[in-house]
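Structure first, commentary second.
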Amino acid sequence: MDMLTARRIVLLGKTGVGKSSLCNTIFGEDVFTINHSSLSSSLSHAETKSASGKSITLIDTHSFFDTCGSETVLKAEIVRCITECAPGPHAFLIVLKVEKFTEQEKEVIKKICQCFSDDALKYAVVVFTHGDQLPEGMKIEEFVSQNIDLSDLVNKCGGRCHVVDNKYWKNGGDDDYRSNQLQVAKLLNTVDKMIEANKGSCYTNEMLEACERQIRQEEERIKQTLGNMSLAEMRNKAKISVFDTLLIRLAGTATGVLLGALLGVTAMVAAAVGNFHNQSDLSALALTVRQSGATAALREAVRGGQMGYTAGEGANSPGEAIDKTVKAIWK
């Protein structure tokens, strides 16, 4: 299966909505492992297979939008998702359950737009799971119309929405609408029309473009040293290498930003304290800290981030990048 020409589709949504099950439903076989935990600790996983006669790569994201997950896992997840879908996905599937659209779901949508920008919704389809929760005779469009916020989301996605039921709609039955086979066909048809409307382009941004450039550079390096590999094998190897590199850089940069900000405030306070001669200067000192702290912290955070990025360039692991960053900034 040619993953280089496959349509890249990224599934987004909080853990537990049924993203992995939806992937299996689209492919018609159990390809993705179902995690029944309420909090996922694994990273994005991509598989390329044929569905409805087309080559499709489904990228199942995990900890991206878990509000209580580890910050380290979240950063690794973002990097993994970027490398898997570079230079960008042809479609996003925003996965929600057929249930009340709560503040938590709204927060997930907000995070999606923060990570990918509002333009991502031009490439998005809202897909509901747990279709058996739809009242008898009701279609998903009617369910959506009952909630203003949900209607607004679907409208921003060009009115594109579908529903499946990964558990009960496998065999269809008397009701043609409640059939995964029919719904998946409709979903893929919607994705086709959306890609056509977007003139065949994929969603991308500077971050994804930069990642793709690095992957192509690594592919060229691999080709020169290991020329006997297939294009797909080279692509996979290049993505793994770039993922590791970005994770190391991220560790160094994040550490640099944190230490830079901390030392920026510390230096500013030390300077202020040096001018503190008597009790009457206390209010002035407090005002100086409030007014100057953010500026000093921001300036040093940027400087620290730059130093961390440079330190990460020569590191072989995230831990080594952190250690080198600390030493560089401490000097």
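The values are calculated or read from the model by the stated rules, or taken from the named source; none is laboratory data. Bear in mind that the values here come from a model prediction, so they are computed numbers and not experimental data. Quick reminder, even Gly has a Cβ in these numbers, built from the backbone with ideal geometry, and neighbours come from all protein chains shown. For the accessible areas, the whole protein counts, side chains as well, though only heavy atoms, and no ligand, DNA or RNA atoms are used. Shrake-Rupley method; radii C 1.70, N 1.55, O 1.52, S 1.80 Å.
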If you split all Cα-Cα distances of the stretch 114-229 into 5 Å bins from zero, what percentages do you get per bin, shortest first?
2, 10, 15, 15, 14, 12, 10, 8, 6, 4, 3, 1, 0
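Taking only protein heavy atoms into account and a 1.4 Å probe, give the accessible area per residue of the stretch 127-191 in Å².
54
I'd like to compare 12-21, 102-111: which one has the highest average count of other Cβ atoms within 10 Å, and what's the full order after that?
Taking the mean over residues of other Cβ atoms within 10 Å, the ranking is 12-21, 102-111.
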For the pairs Lys49/Lys193; Lys139/Lys193; Lys49/Lys186; Lys54/Lys186; Lys54/Lys170; Lys139/Lys199, flag any whose C-alpha to C-alpha distance is greater than 26 Å.
Lys139/Lys199
According to a simple spin-label model (label point 7 Å from Cα along Cα-to-Cβ), what is the distance in nm between Lys156 and Cys115?
1.5
Subtract the Cα-Cα distance of Glu107 and Thr5 from 0.36 nm times their separation in residues, and report this length gain in nm to one decimal.
33.4 nm
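With Cβ to Cβ distances under 10 Å as the rule, what net charge do the other residues near Phe27 carry (K, R +1; D, E -1)?
That works out to -2.
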So if each residue of separation counts as 0.36 nm, and I subtract the Cα-Cα distance between Glu206 and Tyr168, what length gain in nm does that give?
9.5 nm
